[in-house]
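Taking it in order: structure first as structure tokens, then the write-up.
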Amino acid sequence: MRGSKMKLAVDRKSCIGAGQCVSVAENTFDQDDEGIVVLLDEHPSEENQEAAKLAISLCPARAISESL
Amino acid sequence: MSKLTIVGASTAGFALANSLREFGYSEDIRLIGAEKEIPYNRTALTKAPLSNELDIGRITLTSDHELEEMNIEFLGDVEATGLDHNSKRVQAQTGSGSKIDFEYDSLVIATGLRSRKLSKSYGPRVFYLRDFQDVDRIQKAAAQASTVTVLGSGILGLEVASNLLDAGKKVTVVGKSLASIARVFGERVADQLLRELGDSEINVRFDSVSSMAESESFVDLVLDSGELVSSEILVCAIGSEPNSEWLSGSPLILNKGLVATSRGQAWDSIFAIGDIAMWDGDMPSHGFQNQNNAIRQARSLAQSLTGKKRETIYPGYFWSEIFGKKIQAFGQTVNGSKEVVHENEQRWVALHKKQYEVVGLSAFGMPREFARARNQYQIETKYESEKL
């Protein structure tokens with residue numbers, strides 16, 4: 001994970017609003033009023049990347065993905 | 001060939017395989033599941049409207065291609081039937097009845113729970129809901145029916161009832177009380193659910209069933225009050241029990257869950273994760289069987305197995321969706337005082353305090369504010385220091 005090249009995508013259709021992403025990476029993710037994920041930052045800065053990776057791993061619907 | 005073998009391919013089992021690869025584990029991984037489908041998100045089953053056909057593709061956690069890329073050998077439709085810990089072998093049976101034997105280096109047990117069944121078996125109008133095939137059957141039957149009874153007034157029962165109401169069915173819920181919901185989500189949530197149930201078009205009967213009969217077109221329940229509740233289909237949501245029969249005869253200890261150390265070890269080279277596992281330090285009274293715990297345990301075990309520093313397992317996080325609103329609870333929500341921090345009509349977030357310290361949160365219909373509060377009050381950190 002060198003550099004700041006991380007690129008994130010979220011799939012709002014498979015999101016079930018558990019809110020795990022927001023609770024571990026609130027700089028990168030938010031929720032709408034129904035709890036469905038909103039991506040705040042497609043390219044998280046280096047300091048936020050570790051939290052974003054944890055969010056990917058904790059998402060029960062695997063609705064967050066990382067692309068190169 | 002012996003391999004790391006994971007028995008159970010739902011949330012916990014798949015999360016473990018996935019996390020092991022994330023942490024650089026390079027040995028072979030075998031993932032065995034009793035269901036035919038590739039690992040999917042079980043909680044999505046009851047969140048999806050029961051009126052529409054549920055497409056498995058929308059709720060799967062992975063794909064054949066990805067499993068192959070990650071070098072995870074996935075075997076579906078294979079049910080474990082026995083364990084010989086001395087020779088390190090798992091006995092199993094395929095859906096078509098052939099027997100297979102797997103040798104393992106390390107074994108991870110993640111066979112989870114199944115629906116608790118009624119003491120008698122019934123015919124085609126009586127359903128249980130735990131897996132994808134169950135939902136498929138219920139949807140097909142519900143499409144032909146206009147009246148449905150849900151037996152059980154726990155979270156699953158109310159999820160199903162609210163879902164069937166949305167699908168345009170006439171729904172009756174028969175259950176004892178909302179006590180099981182209050183135990184997990186706190187009384188404030190349970191009280192509001194009770195009010196919303198009362199305001200909804202769902203008929204609720206807090207009563208016990210004294211007799212039950214299934215005819216060609218109806219399922220009839222006679223309640224203790226003498227009332228007859230008749231509907232075309234009955235969905236039973238009367239609790240769950242561990243899939244642990246295949247472990248009988250092994251030295252593993254079952255007590256509510258499969259007993260394991262705080263690192264998930266249940267025996268020499270045997271680990272347990274997910275809904276079946278009860279790690280030392282879990283709080284059975286509070287409820288340890290939830291999706292968040294399953295994923296956290298899987299990550300923690302993957303960290304142990306790859307020599308990484310382990311993350312702490314946090315107290316329970318529970319959530320559900322009923323009447324179109326998210327209900328959520330985190331930490332301890334049962335005893336102590338309550339303070340409402342956000343409120344907007346029937347939507348709110350409450351802090352639960354012991355003395356002056358915030359030890360839990362509950363919320364009704366405010367997922368965004370709940371997540372913010374969860375971060376703001378840092379309950380995780382407090383819990384961690386308590387454990388040290």
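Observations, loosely collected:
- So B:Ile322, is it at pLDDT 90 or above, surrounded by 15 or more Cβ atoms within 10 Å (Cβ to Cβ), farther than 22 Å from B:Glu196 by Cβ and of a type in the set (A, V, I, L, M): no
- Of all residues making up segment B:64-96, the number that are part of a strand (DSSP E or B), surrounded by fewer than 19 Cβ atoms within 10 Å (Cβ to Cβ) and in contact with a strand residue (DSSP E or B) (Cβ under 7 Å, 6 or more places away or on another chain): 9
- Extreme residue, nearest to B:Ser26 (Cα to Cα), among residues of segment B:294-332 that are under 16 Å from the mean Cα position of the chain (by Cα) and among the β-branched types (Val, Ile, Thr): B:Ile295
- Residues of segment B:110-131 that turn out to be over 30 Å from B:Leu4 (Cα atoms) and either surrounded by fewer than 16 Cβ atoms within 10 Å (Cβ to Cβ) or under 12 Å from the mean Cα position of the chain (by Cα) (or both), as a count: 10
Residue-by-condition table, conditions (1) assigned to a strand (DSSP E or B); (2) of a type in the set (Ser, Thr, Tyr):
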site: A:Val38; (1), (2): yes, no
site: A:His43; (1), (2): no, no
site: A:Ala51; (1), (2): no, no
site: A:Ser57; (1), (2): no, yes
site: A:Glu66; (1), (2): yes, no
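- The number of residues in segment B:40-89 that are in contact with a helix residue (DSSP H, G or I) (Cβ under 7 Å, 6 or more places away or on another chain), more than 14 Å from every other protein chain (Cβ to nearest Cβ) and aliphatic (A, V, I, L, M) comes to 4.
- Residue count, segment B:31-63 (criterion: in a helix (DSSP H, G or I) and under 27 Å from B:Ile270 (Cα atoms)): 0
- Subset of segment B:132-164 (residues that are over 22 Å from the mean Cα position of the chain (by Cα) and in a helix (DSSP H, G or I)): B:Lys140, B:Ala141, B:Ala142, B:Ala143
- Exactly one residue out of B:Ala363, B:Ala294, B:Ala302 is in contact with a Phe, Trp or Tyr (Cβ under 9 Å, 6 or more places away or on another chain), modelled with pLDDT of 90 or more, buried (at least 20 other Cβ atoms within 10 Å of the Cβ) and in a helix (DSSP H, G or I), and it is B:Ala302.
- Conditions (1) surrounded by 14 or more Cβ atoms within 10 Å (Cβ to Cβ); (2) more than 23 Å from B:Arg299 (Cβ to Cβ); (3) within 13 Å of chain A (Cβ to nearest Cβ); number of the one not met by B:Ala17: (2)
- Of all residues in segment B:207-258, those satisfying the criterion of being closer than 17 Å to B:Met278 by Cβ, among the polar types (S, T, N, Q) and in contact (Cβ under 8 Å) with a residue 40 or more places away in the chain are B:Ser240, B:Asn243, B:Ser244, B:Ser250.
- Taking the criterion of being away from every other protein chain (no Cβ under 13 Å) and among the polar types (S, T, N, Q), the residues of segment A:14-68 that qualify are A:Ser45, A:Asn48, A:Gln49, A:Ser67.
The values are calculated or read from the model by the stated rules, or taken from the named source; none is laboratory data. All figures in this text were calculated on a predicted structure; none of them were measured in a lab. Positions of Cβ are generated from backbone atoms using ideal geometry, with glycine treated the same way; all protein chains shown enter the neighbour counts.
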